[in-house]
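Structure record follows, encoded as structure tokens.
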Amino acid sequence: MSTLIEKLGIRYATKKMTGEKISSEDLNSILEAIRLTPTSLGLQPLKLLVLESEEVKASIKAACYGQSQITDGSQILVFTVYTEGYEALTDKYIQNIADTRSVPVESLNDFKQMILGYLQKMTIEETIAWAKKQAYIALGFGLVAAAEVGVDSTPMEGFNPAAVDEILGLKAKGLASTVILALGKKDAANDYLAHAKKVRRASSDFYEFL
Ligand SMILES: Cc1cc2nc3c(=O)[nH]c(=O)nc-3n(C[C@H](O)[C@H](O)[C@H](O)COP(=O)(O)O)c2cc1C
């Protein structure tokens, strides 16, 4: 059994996938890890789109600059953030805490006002930029979870977010695409990176202990 660090040394940004489907058990583990991602204030200003339909995947391929993993991947995860509705999101969050922890909703009023105060200090553009940082944390959880279960993956910023939003009708849903994670099985024979050594800065350069 490999350790997590060994698995992180093996995973790589897969350039060529086979088109095979990953198991629903592995997919669910990755989705659950992403759902469990911590976010600032716990607000989870994210929505994860799981593209499974071949037609839907193909529809965004050109907007992803033709990257083959979009159609050869088993599922394409599009990390989106809310572009509006933050007060309603806060209300829903507070209600969720009350229900989950069996506490009166009124007891959470100070926390709720703190969240609303925090959000009110930002413009909507700043709020969206803040939400996008949370999306990247979720991407990280997804990458690690995929490595843990042995699913190949590719994190992707190489796409036109405005075009992807348009194709998937995200504006009408109050969402904006942020980053993508393709999941699938590597085509080791045709992926030039499948056997390449991992390139990282030396720990002596990367860490500074103070
Ligand atoms: C946020 C982010 C965006 C990336 N975008 C792309 C992309 O659009 N297409 C691609 O093939 N690789 C993409 N990569 C992969 C990186 O090039 C790769 O992770 C990096 O070179 C380190 O290599 P490794 O992941 O294979 O260890 C991206 C990686 C990250 C973290």
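Rule-based calculations on the coordinates, nothing more; no lab input. Note that the structure is predicted; figures quoted are calculated from it, not measured. Because the Cβ atoms are built from the backbone with ideal geometry, glycine has one as well, and the counts that use them run over all protein chains shown.
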Dipole of the chain [Lys/Arg +1, Asp/Glu -1 at C-beta], most positive-end residue of Ala88, Asn109, Met1: Met1
Sites Ala172 and Arg200 - FRET efficiency at Förster radius 45 Å, r taken between beta-carbons, to 0.05: 0.60
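So what's Rg/Rh here for the stretch 4-186, counting alpha carbon atoms and using the Kirkwood radius for Rh? Please report the intermediate quantities before stating the final value.
Numbers: Rg = 17.6 Å, Rh = 17.4 Å.
Reported Rg/Rh (Cα atoms, Kirkwood Rh): 1.01.
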Rounded to 10°, Cα long-axis angle of helix 86-101 versus longest principal axis of the chain: 90 degrees
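Please report the antiparallel percentage of DSSP beta bridges with both residues in the chain, rounded to the nearest 5. Don't skip to the answer; put the middle values down first.
On the way: 20 of 21 bridges.
Expressed as a percentage, antiparallel bridges in the chain total about 95.
Would you mind getting me the FRET efficiency between Ala88 and Ala58? Use the beta-carbon distance for r and R0 = 25 Å, nearest 0.05. The partial results should precede the final answer.
On the way: r = 34 Å, r/R0 = 1.35.
Approximately 0.15, to the nearest 0.05.
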Fluctuation leader among Thr83, Thr123, Thr37 - the chain, Gaussian network, Cα springs under 10 angstrom: Thr123
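Only four residue types carry charge here, +1 at the Cβ of Lys and Arg and -1 at the Cβ of Asp and Glu. Report the dipole size of the chain about the Cα centre in Debye, rounded to the nearest 20. Before the final figure, lay out the partial values.
Numbers: 23 positive and 26 negative charges, 96 e Å.
The calculation lands at about 460 debye.
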Rounded to 10°, Cα long-axis angle of helix 109-120 versus longest principal axis of the chain: 60 degrees
Ala188 versus Glu208: modelled label distance in nm, points set 7 Å from Cα along the beta carbon direction: 4.1 nm
